[in-house]
Amino acid sequence: MTILAVETSCDETAVAILRGGDDHSGPDLLASEVASQIAAHEKYGGVVPEIASRNHLLYAPRLLDRTASTAKIDLSEVDAFAATSGPGLASSLMIGASIAKGLAIGFGKPYLAINHLEGHLLSPFFGDADRDTEIRPNVSLIVSGGHTMLVRVHALCGYQVIGRTVDDAAGEALDKVAKMLGLGYPGGPEIEKRARGGDPNRFELPRSMLGSENFSFSGLKTAVRYLLPKVVGRFCETPDEERRLTQTPYKLDEPLLADLCASFQQAIIDVLVTKTIAAAQRYDADLVTVSGGVSCNQELRRQLLEACSRNGFEFKNAEPSLCTDNAAMIAFAALLRLRAGSGSQVTEEIDPNLALV
Ligand code: KG4
Ligand code: ZN
């Protein structure tokens, strides 16, 4: 079974082609391409939907050609076409879904609408060392730029959301603090790079809502905002001055920058690890999984693995290329759904607010 998937939920255009059998064996990823639009949005300080959809239209046909030629197949040989149907930016989702639907109609093949969150959630099972893709029950942490949630996974399609962020996602907080520090976008990798060798205990920062199943990262972000003028020895006399000072990007010198990044990163990791382990204990899980862009972070992976081993849980993470947005995870979710006999209609609409369950 050969599946071609398109992912255009935000500012990455991605196409992947995957081949898998009918059993639980691991599939072969024949081709996977991601065209990043970071440079196009960077100067606006965030993703501009209009620019994102224009670029999807520009990049997608080239990626289709490139993946087909890397996979050495003709698109007529594809058995099913899939696309992310939500959540995401409406005008971006529409491009990928229209392309996949058009191909499905044109070649007379099935179309699968895939939830982006389900793509992340299943990605740790892709490329498993034992090449067994059966979705075992687990407690799953999805941690990205748009989402931070804990999910109890009973089986494929059997999901129960345990907790989610009530304000910023962890990746969003990383991106915003990186911006305050005058670092590049996306902020997560920039903070991770600077945090290496820094002292994670140098600055005391809050770990919010530790007793709850939900997450909150906006207080932590604000704490950094108000800490920055003090770190460089600038004290505000008036509210106006405070507002001005807390809005300025701060170019910190070493070792201050490393210590601040390490302290901030550790505050996020502490919250993610503590809540994930608590959920795994509460629901008596054997297995903990983590996915999403922030799970590229080596320190998070290391500390989660360590906490899982200490508490007797098996731990699985997606490989780094499958953590940030990509179409391979969408093709993989489509393969598992097809194997389970669940499909969708080409009339299925995109939904920018699509929930996992
Ligand atoms: O999964 P993703 O590509 O997109 C969403 O679905 O949101 O995640 C993007 C997020 C960004 O906030 C980015 O800063 C963060 O993942 N990220 C990282 C790292 N690489 C990407 N955060 C921490 N450490 C990293 N190495
Ligand atoms: Zn994502």
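The calculated Kirkwood hydrodynamic radius for the chain is 21.1 Å, given to one decimal from all distinct C-alpha pairs.
Pull up the cross-link candidates among the lysines for Lys101, meaning alpha carbon to alpha carbon under 23 Å and not fewer than 8 places away within one chain. Within the straight-line limit of under 23 Å, Lys101 reaches these lysines: Lys72, Lys109.
Over all pairs of different C-alpha atoms, segment 317-357 has a mean inverse distance whose reciprocal, the Kirkwood radius, equals 12.3 Å.
For every other residue with a beta carbon closer than 9 angstrom to the beta carbon of Ala14, add +1 if it is Lys or Arg and -1 if Asp or Glu, then tell me the sum.
Values: positive: none; negative: Glu7, Glu12, Glu33, Asp325.
That sum, taken over residues with Cβ under 9 Å, equals -4.
Going from the residue with the fewest nearby Cβ atoms within 10 Å to the one with the most, Val78, Val224 rank Val78, Val224. Here the spin labels are modelled as points 7 Å beyond Cα on the Cα-Cβ line, and at His24 and Asp253 they lie 5.9 nm apart. For the chain, the relative contact order works out to 24 percent when only alpha carbon pairs closer than 8 Å and six or more residues apart are counted. Divide the volume of the convex hull around the Cα atoms of segment 253-357 by the residue count and you get 162 Å³ per residue.
Could you give the length gained by full extension between Asp130 and Asn201, i.e. 0.36 nm per residue of separation minus their alpha carbon distance, to one decimal place? Could you put the intermediate results ahead of the total?
Details: separation 71, 0.36 × 71 = 25.56 nm, distance 3.90 nm.
Result: 21.7 nm gained on full extension.
Across the options Ser144, Ile114, Phe126, the greatest Cα extent toward the positive end of the charge dipole of segment 102-163 (unit charges at beta carbon of Lys, Arg, Asp, Glu) belongs to Ile114. Extension gain for Leu210 to Gln298 (0.36 nm times residue separation, less C-alpha to C-alpha distance): 29.4 nm.
Given 0.36 nm per residue, what is the gain on full extension from Lys179 to Ser309 after removing their alpha carbon distance, in nm? Numbers along the way, then the final one.
Numbers: separation 130, 0.36 × 130 = 46.80 nm, distance 3.49 nm.
Between Lys179 and Ser309, full extension yields 43.3 nm more.
What do you get for the angle between helix 170-180 and the principal long axis of the chain? Use alpha-carbon atoms, 0 to 90 degrees, nearest ten. Computed tilt is about 50 degrees. Taking the DSSP bridge list for segment 138-318 and keeping only pairs wholly inside it, about 55 percent are antiparallel.
Provide the packing ranking of 134-144, 195-205, 81-91, 161-171, i.e. peptides ordered by the mean count of other C-beta atoms within 10 Å per residue, highest first.
On the way: 134-144: 22.5, 195-205: 16.3, 81-91: 24.5, 161-171: 19.7.
Order by mean packing, descending: 81-91, 134-144, 161-171, 195-205.
For segment 15-20, 3J(HN,Hα) computed residue by residue from phi via the Karplus equation (6.51, -1.76, 1.60; θ = phi - 60°) reads 9, 9, 10, 10, 10, x Hz, glycine and proline entered as x. Ordering 346-354, 173-181, 9-17 by mean Cβ neighbour count within 10 Å, with the highest value first, yields 9-17, 173-181, 346-354. Label segment 153-228 by shape, choosing from rounded, prolate and oblate, from the square roots a ≥ b ≥ c of the eigenvalues of the Cα gyration tensor; if a/c is under 1.5 it is rounded, and otherwise prolate applies when a/b is larger than b/c, oblate when it is not. Prolate, since a/c reaches 1.5 and a/b exceeds b/c. Each of Tyr159, Gln298, Gln265 was placed along the dipole of segment 138-318 (beta-carbon charges, centred on the mean Cα), and the one lying farthest toward the positive end is Tyr159. For segment 138-318, the percent of C-alpha pairs falling in each 5 Å distance bin, counted from 0 to the bin holding the largest distance, reads 1, 8, 17, 21, 19, 14, 9, 5, 3, 2, 1, 0. In segment 244-304, one over the average inverse separation of all distinct C-alpha pairs is 13.8 Å, which is the Kirkwood hydrodynamic radius.
Given the C-alpha atoms of segment 75-168, compute the convex hull and give its volume per residue in Å³.
Numbers: hull volume 11.5 nm³, N = 94.
Output value, Cα hull per residue: 123 Å³.
Sorting the segments 298-305, 36-43, 328-335, 182-189 by their mean number of nearby beta carbons within 10 angstrom, highest to lowest, gives 328-335, 182-189, 298-305, 36-43.
To the nearest 0.05, what FRET efficiency results for Ser344 and Thr274 with a Förster distance of 56 Å applied to their C-beta separation? Each step should come with its number before you reach the end.
Working: r = 38 Å, r/R0 = 0.67.
The value I calculate is 0.90.
For the chain, the Cβ-based charge dipole about the Cα centre amounts to some 460 debye (Lys, Arg positive; Asp, Glu negative; other atoms uncharged).
What share of the DSSP beta bridges in the chain is antiparallel, in percent to the nearest 5?
Values: 28 of 46 bridges.
Percent antiparallel among DSSP bridges in the chain is about 60.
The local environment of Gly312, defined by Cβ-Cβ distances under 13 Å, has a net charge of -3 under the rule Lys, Arg +1 and Asp, Glu -1. Only Cα pairs under 8 Å and 6+ residues apart enter the sum, and on that basis the relative contact order of segment 261-357 stands at 24 percent. Straight-line cross-link partners of Lys179 among the lysines, defined as a Cα under 19 Å from its Cα and at least 8 positions apart when in the same chain: Lys43, Lys193, Lys221, Lys230, Lys251. Taking a point 7 angstrom from the Cα of Phe107 along the C-beta vector, which residues in segment 1-25 have backbone N less than 12 Å away? Residues 1-6, 16-19 qualify, since their backbone N sits under 12 Å from the label point. Taking the longest Cα principal axis of the chain as reference, the axis of helix 256-282 is set at about 60 degrees.
Any read-out appearing in this document is the output of simple, stated calculations on the displayed coordinates, not a laboratory observation. This is a predicted model, so every value here is computed, not measured. Because the Cβ atoms are built from the backbone with ideal geometry, glycine has one as well, and the counts that use them run over all protein chains shown.
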